[in-house]
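For reference, the structure discussed in these notes is given below.
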Amino acid sequence: MIEPSDFFNEHLRRLTRNFDLEGYEESKKLLIDAICDEAIDPLSRLKIWKGAKLESDIAWGYVDYLIAERQRYLSSPILCIIEAKKDNFEKGLAQCLAEMYVCQQNNQAIGRSIDVMGIVSNGTSWQFYKLTTSGDGFESSVYSMGDLGRLLGLVRTVFLLCEQALMKVMG
């Protein structure tokens, strides 16, 4: 549970007043941006990369969000994927799992064997995933903005797990 900051509350109030946050996938990304920004802010080793290119021997494309080390350029290990979908969580899950697998391949190619996290969200509903190094997958329940403090706490927990994995492999 995380108490939203005054800045976040004001930003969210303005977003809901000034934007249509229900009709289009792109507009829903405004909510995802705000929640991710609030959750990642106190973590000094992570950075969010939007629209980043992700590729491997079997696939390539541009992902909605990647979480990786805070530096000037994106490089492995990639720790988390966030896939924004209007409301089709099944399609989002398929994309997210494929992207998580590519991240894991890229991480292993540089000798970094770590679990990869994934999130599928439409801005108001959030579902969390984990792909372990042994290939096991885990899925959470769906969480909503109705319990904003809990949702922020869950997103921050995912980011904390990512930061811990980064510290473990980077030293």
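How high is the relative contact order of the chain, in percent, counting Cα pairs under 8 Å that sit 6 or more residues apart?
Values: 294 pairs, mean separation 36.9, N = 171.
Computed over the chain, the figure is 22 percent.
Where does each of 99-106, 25-32, 118-125 land if you order them by average Cβ count within 10 Å, highest first? Let's see the in-between values first.
Working: 99-106: 21.5, 25-32: 18.0, 118-125: 23.5.
Output ranking for 99-106, 25-32, 118-125: 118-125, 99-106, 25-32.
Taking the range 70-154, how much of its Cα-Cα pair set, in percent, is spaced more than 18 angstrom apart? Before the final figure, lay out each step's value.
On the way: 1618 of 3570 pairs.
The share of Cα pairs beyond 18 Å in the range 70-154 comes to 45 percent.
Summing Lys, Arg as +1 and Asp, Glu as -1, what charge do residues with Cβ under 15 Å from the Cβ of residue 140 carry, residue 140 excluded?
Values: positive: 130, 150, 156; negative: 83, 115, 136, 139, 147.
Taking every other residue near residue 140 into account, the sum is -2.
Order 74-85, 2-13, 144-155 from most to least packed using the mean count of other Cβ atoms within 10 Å. Mind dumping the intermediate values first?
Numbers: 74-85: 22.3, 2-13: 13.9, 144-155: 16.4.
So the order, starting with the most tightly packed, is 74-85, 144-155, 2-13.
Considering only Cα-Cα distances, which of the following residue pairs are longer than 23 Å: 47/130; 50/91; 85/130? Write out the running numbers ahead of the final one.
Numbers: 47/130 19 Å; 50/91 19 Å; 85/130 18 Å.
Beyond 23 Å between Cα atoms: no listed pair.
Grab the Cα-Cα distance for residue 72 and residue 91, subtract it from 0.36 nm times how many residues apart they are, and report the gain in nm with one decimal. Before the final figure, lay out the partial values.
Values: separation 19, 0.36 × 19 = 6.84 nm, distance 3.16 nm.
That pair, residue 72 and residue 91, stretches by 3.7 nm at full extension.
Please list, short to long, the whole-number percent of alpha-carbon pairs of the chain in consecutive 10 angstrom bins beginning at zero.
10, 41, 36, 12, 1
Readers should treat all values here as calculations from the given coordinates under stated rules, not as data from a laboratory. As the structure is a computational prediction, the values presented were derived from the model and not from experiment. So basically every Cβ, Gly included, is an ideal-geometry build from the backbone, and we count neighbours across all protein chains shown.
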